[in-house]
1. Condition (residue is exposed (fewer than 10 other Cβ atoms within 10 Å of the Cβ), outside the structural domain of LEU52 (by TED's automatic domain parsing) and either part of a loop (DSSP other than H, G, I, E, B) or of a type in the set (D, E, K, R) (or both)) applied to the range 76-88: is it met by at least one residue?
2. Of everything in the range 89-102, what is assigned to a strand (DSSP E or B), modelled with pLDDT of 90 or more and among the small types (Gly, Ala, Ser)? Give them in sequence order.
3. Can you tell me how many residues within the range 54-73 are surrounded by 13 or more Cβ atoms within 10 Å (Cβ to Cβ) and either not basic (Lys, Arg) or not in a strand (DSSP E or B) (or both)?
4. Might you let me know whether the range 97-111 holds any residue that is surrounded by 14 or more Cβ atoms within 10 Å (Cβ to Cβ) and in contact with a Pro (Cβ under 8 Å, 6 or more places away or on another chain)?
5. In the range 35-53, which residues are in a loop (DSSP other than H, G, I, E, B) and either touching a Lys or Arg at 6+ places or on another chain (Cβ under 6 Å) or of a type outside the set (Val, Ile, Thr) (or both)?
6. If you scan the range 103-148, which residues turn out to be free of Cβ contacts under 8 Å to residues at least 12 places away in the same chain and not in a loop (DSSP other than H, G, I, E, B)?
Amino acid sequence: MSKQQMELLVGGFILAGIGALLVLTIKVANVDLSQSKDSYSVEAVFDNIGSLKVRSPVKVGGVVVGRVSAIELDRQLLSPKVTLRLDGRYRDFSENSSVSILTSGLLGEQYVGLEPGFIDEDTELLTDGDTIHDTRSAIVLEDLIGQFLYSMKSDKN
């Protein structure tokens, strides 16, 4: 093998390593490069969002149907308002659907769980700009531990 062939082989190996590192970085950062133009946004107001982040997945039964696109404080209610961008392929969610902030595993990432509501002739489907009113806030592990410790202390008295 000549020196030039060896250098080309090493260069190709380095480029493949850089490409693999780039793909890994995109996967870890939850970046979706296939931005679907057919999507719609809905909002939900929670009491506590825990450590939910922008670009966290929105899942129905484990299937990703959208992502969190914005998190801000509602100025009137002084509660966190989360904007969910749902894929346009999934337009069958009714206005009586509910959302919860859930955790993958015990200490995993948080995501939004969307529970579809029932659909009948009087129920309207969610459209762009609608608000989901039935929300369940995140369970904060530190609060649970504090409540447990407080209840143990009061049981001893």
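The values are calculated or read from the model by the stated rules, or taken from the named source; none is laboratory data. This one's a predicted model, so the numbers in the text were calculated from it and none came from an experiment. A quick note on method: Cβ atoms are made from the backbone with ideal geometry, for glycine too, and the neighbour counts reach across all protein chains shown.
1. Just the residues of the range 76-88 that are exposed (fewer than 10 other Cβ atoms within 10 Å of the Cβ), to begin with: 76, 78.
Keeping just the survivors that are outside the structural domain of LEU52 (by TED's automatic domain parsing) gives none.
Looking through the range 76-88, none of the residues is exposed (fewer than 10 other Cβ atoms within 10 Å of the Cβ), outside the structural domain of LEU52 (by TED's automatic domain parsing) and either part of a loop (DSSP other than H, G, I, E, B) or of a type in the set (D, E, K, R) (or both).
2. Within the range 89-102, SER98, SER100 qualify.
3. Initially, the range 54-73 is screened for residues surrounded by 13 or more Cβ atoms within 10 Å (Cβ to Cβ), giving 56-60, 64-69, 71.
Right, trim to either not basic (Lys, Arg) or not in a strand (DSSP E or B) (or both) and you get 56-58, 60, 64-66, 68-69, 71.
Total meeting the criteria: 10.
4. So far as the range 97-111 goes, yes, one or more of its residues are surrounded by 14 or more Cβ atoms within 10 Å (Cβ to Cβ) and in contact with a Pro (Cβ under 8 Å, 6 or more places away or on another chain).
5. So the first thing to find is which residues in the range 35-53 are in a loop (DSSP other than H, G, I, E, B), and the list is 35-38, 46-53.
Of everything in the range 35-53, those that are in a loop (DSSP other than H, G, I, E, B) and either touching a Lys or Arg at 6+ places or on another chain (Cβ under 6 Å) or of a type outside the set (Val, Ile, Thr) (or both) turn out to be GLN35, SER36, LYS37, ASP38, PHE46, ASP47, ASN48, GLY50, SER51, LEU52, LYS53.
6. GLU142, ASP143, LEU144, ILE145, GLY146, GLN147, PHE148
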